[in-house]
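A.B. asks: Take this structure first; my questions come after.
Readers should treat all values here as calculations from the given coordinates under stated rules, not as data from a laboratory. This one's a predicted model, so the numbers in the text were calculated from it and none came from an experiment. Every residue, glycine as well, gets a Cβ built from its backbone with ideal geometry; the counts of neighbours run over all protein chains shown.
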Amino acid sequence: MQVHQDAPVIGCDGDHSHDTDAHVSDVTAIAKSSAGVRRQARAAASPADLNDSIRECRACPRLVSWCQDVAVAKRAAYADETYWGAPVPSFGADRPSILIIGLAPGAHGANRTGRMFTGDRSGDWLFGSLHRTGLASTPGSVSRDDGQRLEIVRITAAVRCAPPDNKPTTEERDTCAPWLDRELELVNPDLRVVVALGGFAWSAALAALATCGWSLPMPRPRFGHGVHVNLERKDGHSVVLLGCYHPSQQNTFTGRLTEPMLDEVFTAARRLASGCTIHHVGTLAVRSGPWQGPIRGPALDRRLVALERLRAVGREHGCVVGDRRRVQDP
Ligand code: SF4
């Protein structure tokens, strides 16, 4: 097996004195079951501890061996590279204002490079947008030592091992969930925005937010691109959950997700992270809020006036406030 030198040696036959689920408080122990994941996640005292434990995790035998198999077989274009071939830790700020949640590492992207959304087309799209909206230091994301920096953003995933066909099983999703729950607890002091990339991440984000004490509306809000949900905790800490189509090739090749659509979400995330209310981010409010749908008469007048106000705010802050509502002249 050939994996990256910094990757954990998972499934090795050699002496590994920490190789047990029994070490409840030892963050260097290896999680080998869902109970082990829960224990190791609870034991992590910092985001760095958590990342260390995730790297070592082998609780899902199917995913662990598939990641290793991909690391051995490789894609022809990367035949000379040493794949990471293991669970991928989160990347970015330890105290983020914006947490981005993806589905899972890509087989020849993050599973190759060892960094979330790094080394594939999805990563190009995501980091391109983060850079255009002032949230990433450079537009590219090609390797773990490419100098990319995220100051207020952290990128994580609902499942940390690359799954075959990008489809983790329900059991694998549930086994991996405590890592995300604990991460949310550890990074939440400055958190203002959670961006869920796709429906799978949306569900994982809602579950983790509920576990960490945020009240969810009932019925639970459905995923959609541009959908936003304001969530509040008893201690008054509020966050906004934003939905965004996943920048997978399936979405970007078909035009379901375009660069302006992605930029719109991250512009909104940045504005929200800096303390603006949802009404000041323009298009999202217009697209997904109560203004959606055909309107006429005085209601239309009021909303057009409000839209003009939004446009003025947008101009002031250098962003475009689109007119995506469906209106009907009276
Ligand atoms: S998917 Fe998550 S729980 Fe399963 S082995 Fe990978 S890191 Fe561990």
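A.B. asks: For Lys74, list the lysines whose Cα falls under 30 Å from its own Cα; do not include residues on the same chain fewer than 8 positions away.
C.D. replies: Lys32, Lys167
A.B. asks: Measure out, as a whole number of angstrom, how far apart the alpha-carbon centroids of the stretch 211-234 and the stretch 103-181 sit.
C.D. replies: Spelled out, the Cα-based centre of one part sits 23 Å from the other.
A.B. asks: For a protection proxy built on the mean count of beta-carbon atoms within 10 angstrom, sort 212-224, 165-177 highest first, please. Intermediate results must be reported in sequence, preceding the final value.
C.D. replies: Numbers: 212-224: 13.5, 165-177: 16.8.
Packing order, densest peptide first, comes out as 165-177, 212-224.
A.B. asks: What ranking, highest mean first, results for peptides 123-135, 64-76 when packing means the other Cβ atoms within 10 Å averaged over each residue? Please list the in-between numbers first.
C.D. replies: Numbers: 123-135: 20.9, 64-76: 16.5.
Ranked by mean Cβ neighbours within 10 Å, highest first: 123-135, 64-76.
A.B. asks: If the chain between Arg149 and Asp69 were fully stretched, how many nm would it gain, using 0.36 nm times the residue separation less the Cα-Cα distance? Intermediate values should be presented prior to the final figure.
C.D. replies: Working: separation 80, 0.36 × 80 = 28.80 nm, distance 3.04 nm.
Contour length minus Cα-Cα distance gives 25.8 nm.
A.B. asks: Quick one: 3J(HN,Hα) in Hz for the stretch 129-140, Karplus 6.51/-1.76/1.60 with θ = phi - 60°, rounded, Gly and Pro as x.
C.D. replies: Once rounded to whole Hz, the list reads 5, 4, 6, 4, 9, x, 10, 9, 6, 9, x, x.
A.B. asks: So, by mean Cβ neighbours within 10 angstrom, what's the order for 242-250, 105-113 with the highest one leading? Before the final figure, lay out the partial values.
C.D. replies: Details: 242-250: 22.0, 105-113: 25.9.
Those peptides, ordered most packed to least, come out 105-113, 242-250.
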